[in-house]
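Below: the structure, in structure tokens.
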Amino acid sequence: MPKDKKRKHIKPRFIVFAASIVSLFIFALVYIISQGSVYTTVIPLGQTDFDPNDVIVKVADENILELQSVGFTVEDDFDCLALTYKSKSMGKTTAEVSIPLPDKTYFKLNTFEYYVLPFGVIFDDTTNDFSGCEVLFPCFIIYVMIHIIFFGISFYKKVSSGTFTYSLVALGGALFYLIGTIFSLVLFSFIFTPSFEFHNLDEIMLFFVSNGFLFSSIVFPILVAMAIAVSLSNIWLVKREGFRLFNMLGVLSFLVIIFSFAAIQSMLFHDYSGEAEFKVTFVLFTAFSYTFCYFANMLISTIICSIISVGYKIPHNVDYTIILGCSLLGDGSPTPILRNRIDRAVEFAKEQFADTGKQTVFVPSGGQGSDEVISEAESMKRYLIAQGIPEEQILIEDKSVNTYQNMLFSKNLIESKTKDFSKVNIAFSTTNYHVFRGYTLAEKVGMKAHGLSAKTKLYFYPNAFIREFIGLLVSERRKHIIYLAATVLIYSVLALIFA
């Protein structure tokens, strides 16, 4: 008989999160239903020197909607006419409103269209408003705060356990965007207050479609500061190592950020020649703004996750330490970068032995390139022996040609040497800018491993990190295409409706 598989228990925070979202949704729905069967249309007037009882309101179908009262009110220092309706049955109808003039004739103010929705909720199609609509925006803010708390706790849990997978970047990006949304709301309110109170769908939708631009405006100075810093490191890098396109990634990223934001600004302040051009440009503006936001979030989240992963303290219980290879010098000896990786692995092994008495097996990983006299693994083995590491404590993997194969082939090699791979503790040693990507590739091959960070020259790090970020985007391109396409599509549709 096969053994029963262990049940996966749902974590308490997921239950609390789901219950909170469902409760919020139910509350909003109940509130709208309780308020929605009675609706008041408010019409600004130039003068109110007439009896409200003389106002003529012609409801096309009184079986759907009936007029309850006509009166005066004041909103935003304007005298207004207030018409209150009550729903009777589902359907669509119109109401024509006319007011008396001093010469005893009547002036037709407007014809309003109403839908009576399920549960008797009256929707004003003319103003995109309904009774109870005021609950939507506070509920949205609470919804965002619930997600911030949930994502924040999940992010902390993953970091605490050393789970540096690519999902952590997505989690961090979502968390950063939600926090940015709160700041965007403050910026939006500062620009439009007091005219916007988020009491109808038009005002709420305007915030949603403009949030991409508002968020872009908030992160733009941060991105420019980062790009300038990387560009300055590029100047240092070019002076030290010569001009190559790779050494100019910071300058190129700076230009991409500047021109992207300039494109968003040009679309925002473009002079439109007609309604069709306005709609097309507004949709493009929204799509481009959210695309900018998406990559900005991914970049900032990747930086944060990478910094945290480099600083993560690995427990002294490692059985195997994989050393990720890189190019060799002409005589087959390790380059400074590779020596730093080996030295970091040896340093950790000595710390672990001093602390716990536990030895680690070194797994130098890397094949022989076309311009290399020996394999990278063999070069690392010789260096390790020169450092006093016994040969029986070294297990070489000399077939891999990239980091993915480093992880996969090393995993297979370790698996072949152990009875229960699930109980083996593994670390990998690589350069600081490469640690987080190492985590993601280890996960991809089905291996749980912790990263050891070797230092590199300060001027080299920023440029190399940009390269690693691009590498992460390319390696996870399918996910990015799906997420980005879904985000842009949703907000572009909203922009098209709003426009």
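Using the rule -39500 (n - 2.57) for each DSSP H run of four or more residues, divided by the residues of the chain, the 222 nm mean residue ellipticity is -19000 deg cm²/dmol.
Helix 376-386 versus the longest principal axis of the chain: what angle, 0 to 90°, nearest 10, using Cα atoms? Once rounded, one gets 60 degrees. Bridging of K88 to lysines at a Cα separation below 24 Å is possible for K58, once same-chain residues fewer than 8 apart are set aside. Counting only other residues whose beta carbon sits under 13 Å from that of K86, what net charge do I get with K and R as +1, D and E as -1? That sum, taken over residues with Cβ under 13 Å, equals -1. Potential lengthening of the chain between L329 and I481 amounts to 50.8 nm, from the contour at 0.36 nm per residue minus the alpha-carbon distance. Per residue, region 16-60 exposes 58 Å² of accessible surface when a 1.4 Å probe is rolled over the protein heavy atoms with every protein chain present. With respect to the chain, whose longest principal axis is taken over its alpha-carbon atoms, helix 461-475 is tilted by about 70°. Along its principal axes, region 443-499 has C-alpha extents of 52, 33, 15 angstrom, given from the largest down.
Backbone phi angles across region 76-82, fed through the Karplus curve with coefficients 6.51, -1.76 and 1.60 (θ = phi - 60°), yield HN-Hα couplings of 6, 6, 10, 6, 9, 9, 10 Hz in residue order; Gly and Pro are listed as x. Separation of the alpha carbons by more than 18 angstrom is noted, of K11/K158; K419/K444; K158/K448; K399/K479; K444/K479, for K419/K444; K399/K479.
Of the trypsin sites (Lys or Arg not before Pro) found in region 360-404, no site is in coil according to DSSP while having at most 11 other Cβ atoms within 10 Å of its Cβ. In the calculated pair-distance distribution of region 54-126, the portion above 20 angstrom amounts to 35 percent of the Cα-Cα pairs. Converting phi to 3J(HN,Hα) with the Karplus coefficients 6.51, -1.76 and 1.60 and the offset θ = phi - 60°, region 38-44 yields 10, 9, 10, 8, 10, 10, x Hz in sequence order, with x at every glycine or proline. For I303, the solvent-accessible surface computed with a 1.4 Å probe is close to 40 Å², ligands and nucleic acids excluded. Heavy atoms of the protein chains alone define the surface here; on that basis region 256-384 has 45 Å² accessible area per residue at 1.4 Å probe size. Equivalent ellipsoid of region 367-489: semi-axes from √(5λ) of the C-alpha gyration tensor, largest first, are 30, 20, 14 Å.
Give the shape of region 382-448 as rounded, prolate or oblate, defined through the alpha-carbon gyration tensor: a ≥ b ≥ c are the square roots of its eigenvalues, a/c under 1.5 means rounded, and otherwise the shape is prolate if a/b is larger than b/c and oblate if not. Here region 382-448 falls in the oblate category. Which one is right for this structure if Rg and Dmax of the Cα atoms in Å is calculated from it: (i) 22.0, 77; (ii) 31.7, 109; (iii) 23.7, 75? The calculated read-out lines up with (ii).
Compute the Cα gyration tensor for region 95-229, then decide on rounded, prolate or oblate, letting a ≥ b ≥ c be the square roots of its eigenvalues: rounded whenever a/c is under 1.5, prolate when a/b is larger than b/c in the other cases, and oblate in all that remain. Prolate, since a/c reaches 1.5 and a/b exceeds b/c. Surface composition of region 8-107: carbon and sulfur make up 58 percent of the accessible area, probe 1.4 Å. Equivalent-ellipsoid semi-axes for region 281-326 (Cα gyration tensor, √(5λ), whole Å, largest first): 40, 12, 7.
Rounded to two decimals, the Cα radius of gyration of region 259-311 over 2.2 N^0.38 Å is 1.62. Against the empirical curve 2.2 N^0.38 Å, the C-alpha radius of gyration of region 1-106 lands at a ratio of 1.95. Atom-type composition of the exposed protein surface of region 388-499 places 60 percent of the accessible area on carbon and sulfur (1.4 angstrom probe).
Cα axis of helix 435-444 to longest principal axis of the chain: angle in degrees, 0 to 90, nearest 10? Between the helix axis and the principal axis of the chain, the angle is about 80 degrees. Just the Cα atoms of region 302-446, one point each, no solvent: what log10 I(q)/I(0) does Debye give at q = 0.09, 0.11, 0.14 Å⁻¹? Each listed q maps to, in turn, -0.25, -0.38, -0.62. Set the Förster radius R0 to 41 Å, insert the Cβ-Cβ distance between I179 and E391 as r into 1/(1 + (r/R0)^6), and round the FRET efficiency to 0.05. The calculated FRET efficiency here is 0.20. For the chain, give me the percentage of DSSP beta bridges that are antiparallel, rounded to the nearest 5 percent. If we restrict to bridges inside the chain, about 70 percent are antiparallel.
The values are calculated or read from the model by the stated rules, or taken from the named source; none is laboratory data. Fair warning: this is a prediction, and the values are worked out from it, not measured in the lab. Backbone-built Cβ (ideal geometry, glycine too); neighbour counts: all protein chains shown. In case anyone asks, the SASA skips ligands and DNA or RNA and just uses the protein heavy atoms, side chains included. Shrake-Rupley method; radii C 1.70, N 1.55, O 1.52, S 1.80 Å.
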